[in-house]
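Below is one structure, written out as structure tokens, with a few remarks after it.
The values are calculated or read from the model by the stated rules, or taken from the named source; none is laboratory data. Predicted model only: the values in this text are computed from it and were never measured. Cβ placement follows ideal geometry from the backbone for every residue including glycine, while neighbour counts extend to all protein chains displayed. Heads up: the accessible areas ignore ligands, DNA and RNA and are worked out on the full protein's heavy atoms, side chains in. Shrake-Rupley method; radii C 1.70, N 1.55, O 1.52, S 1.80 Å.
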Amino acid sequence: MRVSILGAGAAACGAAAQLLAMGHDPMLWSPSGRSTEALAAGAPLRATGAIEAGFHPRIAGSAEEAVASADVVMLAMPGYAHKMAFDAIAPHLREAQPVIISSHASFGALYLSRLLAARKVRASIIAWGTTLTTGRKVSPTEVAVNSLRSKIDLASVPQNASAEAQALCTSLFGERFVLREGLLAIALSNLNPQNHLAIALFNLTRMERGESWGQAENVTPAVGRVMEALDAERLAIAEAFGVSVRTIREHYAFSYQLPVASIAEMNAELHGRGKGGLGPATLESRYVLEDAPYGLLPTVLLGRLAGRPATLHEAGLTLLSAAYGRDFTSENELLPALGFDAMTREELAAQAKNGF
């Protein structure tokens, strides 16, 4: 299949490498063109680590070109770029052309659903709970893939298309997709925001000084306890909404094939296997700039709707805002565009099931 990936960062390039390994034809689109300039000039893209490949992905010059040449469109950008990407592709998407969101953030699937409904276009919107790979871009033409996740939660809008969505993703990326009850389950299954909150907050000076430091290595027992306390808030919100989600320990076990233990012990095991990865070496990290407004804030708002306040999430969001000298609660573009503040719990549940 021809799969156009919106994005050219580590997650996009890792997905492109896996698509190639599965016999598919990936295309990359960078909105500015800077990230794909060398690739467009003929340089090969090289993946190392969990995926080893060297190949020449097709490069799109515009969102319209990316959509026009694709059987499937996949979004693999930071959460703060999702609204821009949806606005760019929505006028060009065709009837029944699937869109995969990796990973889903801030009910972006509903925003895209509303854009398509305005055009009277029906398409399956597939939401993943996390990215296919972990890793980082080493250079404009090389991605270091730390891990290829063995399990990824999946749901679709509308919800009754979930089985077809799972089959499609399996044919593209392999047997790793687990159906969840719906978009609310996916929204509460992305553990990156809560985990990155604890990791970034307790290693902020390392990030600010540009140090090289092992991420899993520095999930000490104290940091691990905070991650587990944040997880307890997320689980309470999911229970209030009547959806089933994995615990943080189950997530680590499924994603990294680790024996279940405390989060500190599981990270120590990951580090011991040489797969712990490096933490951010800059304050300009998605761990904060993406996950604070597009991950922590939605959890806080869902907690309010459910009557289960996410006090630790909210405290972390406030602390990060103070450390960065900016208000992360005002930086989310998707939720205001959806009118999220005015939604009732029942309206949110209905739209998460059926879309617009």
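Using the Kirkwood radius over Cα pairs, work out the Stokes-Einstein diffusion coefficient for region 99-160 at 37 °C and 0.692 mPa s, in µm²/s as a whole number. Walk me through the intermediate numbers first.
Details: Rh = 13.3 Å.
Roughly 247 µm²/s, to the nearest whole number.
About its Cα centre, the dipole of region 39-93 is roughly 140 debye, where the only charges are +1 on Lys and Arg Cβ and -1 on Asp and Glu Cβ.
With a simple spin-label model that places each label point 7 Å from the Cα along the Cα-to-Cβ direction, the separation between residue 160 and residue 65 comes to 3.9 nm.
Return a whole-number percent for the relative contact order of the chain, with Cα pairs under 8 Å and 6 or more residues apart as the contact set. Computed value for the chain: 17 percent relative contact order.
DSSP H helices in the chain with Cα extent of 27 Å or more along the helix axis and mean Kyte-Doolittle hydropathy at least 0.0? In the chain, the long hydrophobic H runs are 221-241.
What number comes out for accessible area per residue over region 129-206 if the probe is 1.4 Å? Units Å², please.
On the way: 2520 Å² over 78 residues.
Result: 32 Å² per residue.
Measure off, as a whole percent, the carbon and sulfur share of the 1.4 Å-probe accessible area of the chain, all protein chains present. The value for the chain is 51 percent carbon and sulfur by accessible area.
Output the peptides 300-308, 16-24 sorted from most to least packed, where packing is the average of other Cβ atoms within 10 Å over each peptide's residues.
On the way: 300-308: 18.0, 16-24: 20.1.
Highest-to-lowest ranking by the protection proxy: 16-24, 300-308.
In the chain, the DSSP beta bridges split such that about 40 percent are antiparallel, to the nearest 5. Amide H contacts of residue 181 (H built 1.01 Å from N, in plane; Pro and chain starts excluded): 244 sit under 5 Å, all sequence-distant by 5 or more or on other chains.
Can you list, largest first and rounded to whole Å, the semi-axes you get for the chain by taking the square root of 5 times each eigenvalue of its Cα gyration tensor? Working shown, then result.
On the way: eigenvalues 158, 132, 73 Å².
Gyration-tensor ellipsoid for the chain: 28, 26, 19 Å.
Based on protein heavy atoms only, region 1-58 ends up with 40 Å² per residue of surface accessible to a 1.4 Å probe.
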